1. With respect to Y316, determine if the residue is among the aromatic types (F, W, Y) and in contact with a strand residue (DSSP E or B) (Cβ under 8 Å, 6 or more places away or on another chain).
2. Test T448 against the stated conditions and say whether it is modelled with pLDDT of 90 or more, surrounded by 14 or more Cβ atoms within 10 Å (Cβ to Cβ) and in contact with an Asp or Glu (Cβ under 8 Å, 6 or more places away or on another chain).
3. Would you check if there is a residue in region 431-445 being surrounded by fewer than 24 Cβ atoms within 10 Å (Cβ to Cβ) and closer than 22 Å to L145 by Cβ?
4. Just one of E287, E269 is under 37 Å from the mean Cα position of the chain (by Cα) and modelled with pLDDT under 95; which is it?
5. Which pairs have Cβ atoms under 7 Å, sit 6 or more apart or on different chains, and link a residue in region 178-198 that is without any contact (Cβ under 8 Å) to a residue 40 or more places away in the chain to one that is in a loop (DSSP other than H, G, I, E, B) and surrounded by fewer than 19 Cβ atoms within 10 Å (Cβ to Cβ)?
6. Take L151 and tell me if it is under 20 Å from V94 (Cβ atoms) and free of Cβ contacts under 8 Å to residues at least 60 places away in the same chain.
7. Can you list residue pairs whose Cβ atoms sit under 6 Å apart, with the first residue in region 388-407 being at pLDDT 95 or above and the second being surrounded by 15 or more Cβ atoms within 10 Å (Cβ to Cβ) and of a type in the set (D, E)? Count only pairs 6 or more apart in sequence or on different chains.
8. Answer yes or no: is there a residue in region 326-335 that is in a helix (DSSP H, G or I) and loosely packed, with under 15 Cβ neighbours inside 10 Å.
Amino acid sequence: MSRLKLFLSTLCLSIFLTSVNGDYYSAISELERLLDVEAFIIEKFDEYLERAQQEQQEIKRFLSQVEELQQNRGDLEEYFGNPLNAFTTIRRMVHDWKFNVFDHILETNNFETYKTALSESLEKVNFKGPTKEDFKGATRGLLRLQKIYQLPTAQLADGYLSGEENPLNATLSASDCLEVGKNLCEVKEYTYGSEWLLEARKRFHAEPLDFISPNVSEVEILEHLSPAFKGLGNLKLAHKLNNEILDKEHTHEEALKSRIFYETQLARERSGKSTKPEVVPQISEKELKESFQLYTRVCRGELRPSPRKQRKLRCYLSHQNVSYYHLSPFKIEQLSLDPYVAYIHDVISKSEMEQIMEHGKGSMERSRVGQSENATTTEIRTSQNTWLWYDANPWLSKIKQRLEDITGLSTESAEPLQLVNYGIGGQYEPHFDFTETTKDWKGNRLLTALFYLNDVPLGGATAFPFLHLAVPPVKGSLLVWYNLHRSLHKDYRTKHAGCPVLQGSKWICNEWFHEGGQEFKRPCGLSSDEGKFKEFEEK
């Protein structure tokens, strides 16, 4: 291995393999830094190429494309709210820089100086690059959008999320589609994987020669497309595609082996000695659950509360028995009466929302699922969060008091505020906010209060599957609901979820009020609700 290759291997490892737990794909807030680092790398490579005096046309072309993206990125929140921009940025850092730049630099005597300068500069800003897990996570995010919102592959690749009314002004190349297809086939998502690979092939033939990435070939696309159709049980098409590989490369070792397999299997089928197995699409246990199926339909807008359930709902102004709010009452919009779910509009100012988000940036970590001692990261919840403690942040006192005034409850036993940001296709699958067991005087989570800190152009609603209710994020509003019956038994109808963010960024901040300290604020009911609606527990 040459000195240059050794340097590049070390550099790639140090830049791109140090991030853990999906630091980039799981939240929009962490993606903004990638463009700045990418611009910095461009600058350093320009210096390096000038010193080395080498003609590197492929590198220059790639750098120009990225520089153009840098100039047109505009508002970063809006830029990364576009799931295709978020995906392609991660992909460039994980894939394109390595194959289009690092692997093709010519031998030069200046690389040691360049290596030291670049490594030291990245070390100073404590930069940790995205990993292959980020890249795969971004792919899963796109798949989630496809499944939940039933987006055709070609439509998503062309940058359209909802008909022709919401173009993303971004498209995926043949190389992008190839990588999505490869990643999906690795996890046996052959139906969607084959669609992305077919799209890659279509775009490969349609793209100008000077636009196609040098590391993409039709043979490589076919190498993944043929096994994908094998995975779908379509041996005839898999055999045909395998033969196309051999037409282009007669000595292709794997294709020669596969041809023998396909011809043997097809011959057995023709002779009746083999029964072609029926390929049943893989459906996970969670996808079979009624609550998950309802959740997807609610997110798509296919299910809504019936007019009969809505006719008693109303919007009204209320001072909540607080004298201070007689002149400026709360704007309350009822969404469900039993269980109680309501919006309170315009309850947090723009400056407060900005302060909360700015305070949380830099301390966000991958969100976990489960009680603290057993909490773990999972695709059930793709987001990042941090906690804002009232004692450590005196400026939150007004918000704390406002929450007490709105709910009529005490924050004595409440948790700190939780700030959450969602990433590519960010979501939180159906779950309950109450816990299975409680160990101290605080008791269970009685009420959830959720602030929406920004508007989300598409997706990102809070869905209540059993209520057929989808609550879209409305900037500055607060969503509240009770998780427990009046008798403090669990209300299983309150299972809820965060629909995937289709376009835009989603920031929320929530507070959980517990039972403790509410004895005189919200007295228990006289009758027991134990076991009521328990049939919803396992649905």
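1. yes
2. Values: modelled with pLDDT of 90 or more: yes; surrounded by 14 or more Cβ atoms within 10 Å (Cβ to Cβ): yes; in contact with an Asp or Glu (Cβ under 8 Å, 6 or more places away or on another chain): yes.
In short, yes.
3. The answer is yes, given that some residue of region 431-445 is surrounded by fewer than 24 Cβ atoms within 10 Å (Cβ to Cβ) and closer than 22 Å to L145 by Cβ.
4. Numbers: E269 fails: under 37 Å from the mean Cα position of the chain (by Cα).
After applying the criteria, what remains is E287.
5. Between residues of region 178-198 that are without any contact (Cβ under 8 Å) to a residue 40 or more places away in the chain and residues that are in a loop (DSSP other than H, G, I, E, B) and surrounded by fewer than 19 Cβ atoms within 10 Å (Cβ to Cβ), the close pairs are S194/L232.
6. Details: under 20 Å from V94 (Cβ atoms): no; free of Cβ contacts under 8 Å to residues at least 60 places away in the same chain: yes.
In short, no.
7. That search, which allows pairs on different chains as well, returns L403/E511.
8. From region 326-335, those in a helix (DSSP H, G or I) are none; that's our starting set.
Within region 326-335, not a single residue is in a helix (DSSP H, G or I) and loosely packed, with under 15 Cβ neighbours inside 10 Å.
The values are calculated or read from the model by the stated rules, or taken from the named source; none is laboratory data. Everything numeric in this text was worked out from a predicted model, so none of it was measured. Note: ideal-geometry Cβ built from the backbone for every residue, glycine included; neighbour counts use all protein chains shown.
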